[in-house]
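Chemist: What follows is a structure written as structure tokens; I'll ask about it next.
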Amino acid sequence: MPEAVLAPLSGLDTLDDATCAALRARLQEAGFTSGALDDAEAIAPMMPAALRAPLVRVHLKRRPGTASTLLAVFVHRFGATASGVREALGDALYRKALAASLLDECDGRVSSRWILLPFGGRWYLSDPLESGEDAVMGPGMTTVMLHGWSEVFDAASVLDLGCGAGSLAVAAASRGARAVAADLNERALAIARFNARLNGTTVETRGGDVAETAMGEEFDLVLAQPPYFAQPESERGSTYLHGGRYGDELALRFVSTAARRLAPGGTALVLFDFAQREGANVGEKVREAVGDAAVTTLAITRPSMPLDLNAVHTAAWHHPALGPEFEAAATAYREHFHALGVSALTSVLVVLRRPRSAEEPRWRVVLAHGGSKPPSPEALRDQLRSMDFAARPDAALLPLTLVPARGARFEGEWRHPGDPDPLQLKVAFEPGSFGSDRELGAGGWHLFALFDGSRTLADVVREHAEEAELDAAPAAKEVIGFAREGLARGLMRVAD
Ligand SMILES: C[S@@+](CC[C@H](N)C(=O)[O-])C[C@H]1O[C@@H](n2cnc3c(N)ncnc32)[C@H](O)[C@@H]1O
């Protein structure tokens, strides 16, 4: 694969709104949709493009047609015959696409210096990742995750922080939100504006470093997938990819900014990889980044890519043709982790919530998510709902019935049946559910047993007062405090 060169932006201005509308309609008609993309993506997933390429070619050959032609040109960049692409786009759009440098024709073959990806009923233009330090990233796996979680929120204003091709901002604008796309890279902003036009909507853009961007503005929802890959000294940096020596330094600056751009009641989601190393703890790092910003913090962690795979992918993005340059880069990335003492990468979704009033309690919670898949939007919504309940005043909590969180199992171990002294009591979470296993004291175990769905919190207070021979006020304080902690830390939820 030849070293790609960034395509000129100037051509995009020649595609007016009417042409963009015609292009959308044609791409849809041609079957160039997420479904067609997903079929090809299912082939040898998680492999570098060069290794997958032969099988993807076979797949596209077996399904000749306009969708396969457009996938070959705009996604897999194999090129196609001029006649095939002309048929897929129609003559008028084909000529406009050539004039705008969306396509290049040479000796009857057509290729593109752009990537055009269908995603969620829309299309996004972006750059091939190997085409230089300012290449602009289009929607990928992590974008899909953030997009899914973002749909949990009914946000009137959305900030896409580090927007790349503006995928999340454009999706939010299409849902009717005021969407602002922010990025250090001016090329990203130009592409985000074009992608908004391509999809028949508009986004506002803000330039500059993350620390200064959208200063003084507040949003209902802030979405960010910062660059979070580690950069060895020997490797050339890319604005879209590298987040510092460990990789997570820039992401933590994004967390800091996101915490300061929230409207009351607003939520920020920042997704990145954290490099596990001696003396660095993700909860602490997030706490430092948030600093004095008045927000509740939830960090949801799960294992990310193994270090070897991370090194292979990072090297392959820059050297997609593999060969000696790829070999040197993959070695450099892997050795870099080794030299820094990084033992693993942890994927972290940082959720920040600005309370509506200064009186609401704030929480700092770290939860491990079991299972190989990321937390589902429903699981995220349930956890945030529990945290919202935890912030309510006592009087609002007492009539509620609380039960153990979904997937929570209470496990006890005794030396022999009937032994009054347990060896261990703990709450454990099933794979795929949402919470960190933890040990319980005998008091906590006993209280938990009362949250079986048959009592309101007020009933639990009464029962606890009787059993522990406490006055009503201290019993209420103990039980409500326990329930709040349980709701905020993923152990309990309000019954449906
Ligand atoms: C991984 S890409 C984001 C992709 C996009 N959010 C998506 O999901 O498709 C990270 C983006 O952060 C931008 N970026 C890098 N350093 C930055 C900084 N210091 N301030 C603001 N944006 C920055 C890059 O230009 C890049 O577009």
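The values are calculated or read from the model by the stated rules, or taken from the named source; none is laboratory data. The model shown is predicted, which means the values in this text are computed figures rather than measured ones. Methodologically, a virtual Cβ is constructed for each residue, glycine included, from the backbone with ideal geometry; neighbour enumeration extends over all protein chains shown.
Chemist: For segment 387-418, which positions are part of a helix (DSSP H, G or I) and either aliphatic (A, V, I, L, M) or farther than 25 Å from Val461 by Cβ (or both)?
Modeler: Correct list: Met387, Ala390, Ala395, Ala396, Leu397.
Chemist: Do we have any residue at all in segment 48-63 that's on the phi > 0 side of the Ramachandran plot and not in a helix (DSSP H, G or I)?
Modeler: Taking every residue of segment 48-63 in turn, none turns out to be on the phi > 0 side of the Ramachandran plot and not in a helix (DSSP H, G or I).
Chemist: A further question on this structure: Taking the condition of being of a type in the set (A, V, I, L, M, F, W, C), surrounded by fewer than 24 Cβ atoms within 10 Å (Cβ to Cβ) and more than 9 Å from the ligand (Cβ to nearest atom), how many residues in segment 174-188 meet it?
Modeler: Result for segment 174-188: 1.
Chemist: Here is a further query. Does any residue of segment 112-135 turn out to be of a type in the set (Val, Ile, Thr), part of a strand (DSSP E or B) and either under 26 Å from Leu23 (Cβ atoms) or within 14 Å of the ligand (Cβ to nearest atom) (or both)?
Modeler: yes
Chemist: Still on this structure, please answer the following. List pairs: first in segment 417-434 and surrounded by fewer than 10 Cβ atoms within 10 Å (Cβ to Cβ), second part of a strand (DSSP E or B), Cβ under 6 Å, 6+ apart or cross-chain?
Modeler: Note: pairs meeting the criteria are Leu423/Glu413.
Chemist: In segment 356-386, how many residues are closer than 20 Å to Val290 by Cβ and in a strand (DSSP E or B)?
Modeler: Selection size over segment 356-386: 5.
Chemist: Taking the stated definitions as given, is Gly244 at pLDDT 95 or above, within 15 Å of the ligand (Cβ to nearest atom), within 22 Å of His336 (Cα to Cα) and surrounded by fewer than 22 Cβ atoms within 10 Å (Cβ to Cβ)?
Modeler: Considered against the rule, which asks whether it is at pLDDT 95 or above, within 15 Å of the ligand (Cβ to nearest atom), within 22 Å of His336 (Cα to Cα) and surrounded by fewer than 22 Cβ atoms within 10 Å (Cβ to Cβ), Gly244 comes out as yes.
Chemist: State yes or no: is Ala263 assigned by TED's automatic domain parsing to the domain that holds Asp292, assigned to a strand (DSSP E or B) and closer than 18 Å to Thr301 by Cβ?
Modeler: no
Chemist: Within segment 309-330, can one find any residue that is at pLDDT 95 or above and closer than 30 Å to Asp220 by Cβ?
Modeler: no
Chemist: In this structure, is Gly412 free of Cβ contacts under 8 Å to residues at least 40 places away in the same chain, surrounded by 11 or more Cβ atoms within 10 Å (Cβ to Cβ) and under 21 Å from His446 (Cα atoms)?
Modeler: It is true that Gly412 is free of Cβ contacts under 8 Å to residues at least 40 places away in the same chain, surrounded by 11 or more Cβ atoms within 10 Å (Cβ to Cβ) and under 21 Å from His446 (Cα atoms).
Chemist: Determine whether Arg122 is of a type in the set (Lys, Arg) and assigned by TED's automatic domain parsing to the domain that holds Glu325.
Modeler: Spelling it out, Arg122 is indeed of a type in the set (Lys, Arg) and assigned by TED's automatic domain parsing to the domain that holds Glu325.
Chemist: Here is a follow-up. With the condition kept exactly as written, say whether any residue in segment 158-168 is touching a residue at least 60 places away in the same chain (Cβ under 8 Å), more than 8 Å from the ligand (Cβ to nearest atom) and not aliphatic (A, V, I, L, M).
Modeler: The answer is no, given that none of the residues of segment 158-168 is touching a residue at least 60 places away in the same chain (Cβ under 8 Å), more than 8 Å from the ligand (Cβ to nearest atom) and not aliphatic (A, V, I, L, M).
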